[in-house]
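Everything below concerns the one structure shown next.
The values are calculated or read from the model by the stated rules, or taken from the named source; none is laboratory data. Source: prediction; values computed, not measured. Glycine gets a Cβ as well: all are built from the backbone with ideal geometry, and neighbour counts include every protein chain shown.
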Amino acid sequence: MNTQTVDLGFRPRPWQDKAFRDRKRFNVEVVHRRGGKTVKAVIQLVDAALKSTATLPRFGYVAPFLGQAKSIAWDMLKTHARKIPGCVINAAELYIELPHNNARVRIFGADNPDTLRGLYFDGIVMDEVADLKPEVWTAIILPALLDRGGWATFIGTPKGVNLFSEMYYHAVNDPEWNAVLHTVYETGALSEADIEIARAAMPDAIFRQEMLCDFTAAAVDSLIAVDTVQAASGKHIGIADYQFAAKVIGVDVARQGDDRTVIFKRQGLASFTPTILRKSDSMAVAGVVAAQIAEWKPDAVMVDGSGGYGAGVIDRLKQLGHNPTEVQFGGSADDARYSNKRTEMYARLAEWLLRGGALPADEALKIELCAHTVNHKNAAGKMALESKDEIKRRLGFSPDLADAIALTFAFDVQPATSATYPLANQNTRAVVDRPDGERY
């Protein structure tokens, strides 16, 4: 069997063939509806099982629900398995077993995660990742891959900002991962006539999400779009484009437990790699902020005073001769359109991004920024931002990075001096460059 060629009857489209050839240990494949991602994934599993030389190889296909997994993948798996001489098909346990190496490919549903616990995998495909709970991957599947050096491929169609979008943007920025995104205009799966039928029948947001693979299309209440953040992340601008602007530091002080204290610097359209402190008391935080004030000489330092968490930092900075500005997230906005100061800060941050603002390349920052939603349900009909506690419940962590950079937009700040920096480095194009040419 090892020397035989098995024709599974699969003829890949160009995008599928390239995804096969370019695959790495971890892969994220974002493909429009009816684009052929599931059949490609099933073939990948069968192909890997046929070629495996491991002891009792095990491969799996996981969908959010077992019934969904059966209807999507089981018939495909059986069809291709029947073309392998001697292959055993176990309909009760939903697996196929190959005769030459006892490799199995099994179908699972994430709605019963206990069926996945205690197993090992040499390779896994996770389908419709947007509907999966993150812990299925982090707490169950990933550990089951590690001791075998196993691989994973995540496939699906966007459904807003969630585990799938997080994985895709991580894969884009991690050379150890492979990221694939194909719209309906790129796969060749549908004719031009059928694409136009879909466009005419679907609401624009649904067409953009389902067919154009737009992660933000259906998130009508999102303040900041994923593609806006993606465009800003890691963006490089020259020193000459921001050196004239006021320098502002935002300090979001940890509120409790696992929250982080974050110190974020921004000058004009440039923002710089933040400083993150964990489990630091007020004196320690104030010491770090004071050191950065002495080094960077900002025009303003905005400290979150909400709930009294930043009061100790503010008091200590004043003792050291500095003049921090206390910002109350729940305080009144200067602009009557916004329900409170926090909403106003984030609205100004969103406008800054659209104007060309540059962010450090940070996956957590991207997720936090895109997670914020707005509504106008209050009695005054003003724009209101989702609360920090609500976001923490939804994400599983506090949006401290996003809050810290938002703080730099709390109030208008003018530069204290019109003096300019030497222009010797004006062509330097790194978002984390300091005006003196050093790096944060």
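Only one of these conditions is not met by K366: (1) modelled with pLDDT under 95; (2) in contact with a Ser or Thr (Cβ under 9 Å, 6 or more places away or on another chain); (3) farther than 20 Å from A232 by Cβ; (4) not aromatic (F, W, Y). Which number is it?
(3)
Each row is one residue, and each column tells you yes or no for (1) outside the structural domain of S387 (by TED's automatic domain parsing); (2) part of a helix (DSSP H, G or I); (3) within 26 Å of W352 (Cα to Cα).
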| residue | (1), (2), (3) |
| --- | --- |
| P175 | yes, no, no |
| A179 | yes, no, no |
| C213 | yes, no, yes |
| F244 | no, no, yes |
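Of all residues in segment 95-120 being surrounded by 22 or more Cβ atoms within 10 Å (Cβ to Cβ) and not in a strand (DSSP E or B), which is modelled with the lowest pLDDT?
So, considering only residues that are surrounded by 22 or more Cβ atoms within 10 Å (Cβ to Cβ) and not in a strand (DSSP E or B), the one modelled with the lowest pLDDT is A110.
Output the residues belonging to segment 25-51 that are more than 18 Å from G156 (Cβ to Cβ) and out of contact with any helix residue (DSSP H, G or I) (no Cβ under 6 Å at 6 or more places or on another chain).
Answer for segment 25-51, where residues must be more than 18 Å from G156 (Cβ to Cβ) and out of contact with any helix residue (DSSP H, G or I) (no Cβ under 6 Å at 6 or more places or on another chain): R25, D47, A48, A49, L50, K51.
To keep it simple, each residue is scored yes or no on (1) farther than 13 Å from G123 by Cα; (2) surrounded by fewer than 17 Cβ atoms within 10 Å (Cβ to Cβ).
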residue	(1), (2)
V62	no, no
G67	yes, yes
W74	yes, no
P85	yes, yes
A91	yes, yes
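Report, by residue number, each residue of segment 232-267 that is surrounded by fewer than 19 Cβ atoms within 10 Å (Cβ to Cβ) and either free of Cβ contacts under 8 Å to residues at least 60 places away in the same chain or in contact with a Cys (Cβ under 8 Å, 6 or more places away or on another chain) (or both).
Scanning segment 232-267 gives D241, Q256, G257.
Going through T55, T5 one at a time, which residue ends up being without any contact (Cβ under 8 Å) to a residue 40 or more places away in the chain, part of a loop (DSSP other than H, G, I, E, B), of a type in the set (S, T, Y) and not assigned by TED's automatic domain parsing to the domain that holds E176?
Checking each option against the conditions leaves just T5.
Is it true that I195 is surrounded by 15 or more Cβ atoms within 10 Å (Cβ to Cβ), over 21 Å from the mean Cα position of the chain (by Cα) and within 23 Å of V172 (Cβ to Cβ)?
no
Which of the numbered conditions does H236 fail, given that it passes all the others? Conditions: (1) at pLDDT below 90; (2) in contact with a strand residue (DSSP E or B) (Cβ under 9 Å, 6 or more places away or on another chain).
Evaluating H236 over (1) at pLDDT below 90; (2) in contact with a strand residue (DSSP E or B) (Cβ under 9 Å, 6 or more places away or on another chain) leaves (1) as the failure.
May I ask you to verify whether A254 is closer than 29 Å to L181 by Cα and small (G, A, S)?
Answer is no for this residue.
Could you say which residue among I276, I314 is within 32 Å of the chain's Cα centre (by Cα) and in the same structural domain as L353 (by TED's automatic domain parsing)?
Answer to the check: I276.
Restricting the search to segment 293-347, which residues are outside any helix (DSSP H, G or I), buried (at least 21 other Cβ atoms within 10 Å of the Cβ) and among the acidic types (D, E)?
Residue satisfying the conditions is D304 alone.
Search segment 216-233 for residues being of a type in the set (S, T, Y) and modelled with pLDDT of 70 or more, and hand back the single one that is farthest from V374 (Cα to Cα).
Result: S233.
If I ask for residues that are of a type in the set (D, E, K, R) and farther than 21 Å from A130 by Cα, which ones from segment 60-105 would you list?
Answer for segment 60-105, where residues must be of a type in the set (D, E, K, R) and farther than 21 Å from A130 by Cα: D75, K78, R82, K83, E93, E97, R104.
Using the structure shown, decide if D299 is acidic (D, E) and modelled with pLDDT under 95.
It is false that D299 is acidic (D, E) and modelled with pLDDT under 95.
For segment 144-173, which positions are of a type in the set (G, A, S), part of a helix (DSSP H, G or I) and touching a residue at least 40 places away in the same chain (Cβ under 8 Å)?
Result: S165, A171.
Answer with yes or no whether A410 is closer than 19 Å to W296 by Cβ, part of a helix (DSSP H, G or I), modelled with pLDDT of 95 or more and not charged (D, E, K, R).
no
Hey, can you tell me all the residues within segment 63-95 that are free of Cβ contacts under 8 Å to residues at least 40 places away in the same chain and under 23 Å from I140 (Cβ atoms)?
K70, S71, W74, L77, N90, A92, E93, L94, Y95 - these are the residues of segment 63-95 that are free of Cβ contacts under 8 Å to residues at least 40 places away in the same chain and under 23 Å from I140 (Cβ atoms).
Could you tell me whether any residue of segment 146-168 is within 27 Å of the chain's Cα centre (by Cα), more than 25 Å from D214 (Cβ to Cβ) and among the aliphatic types (A, V, I, L, M)?
Yes: one or more hits.
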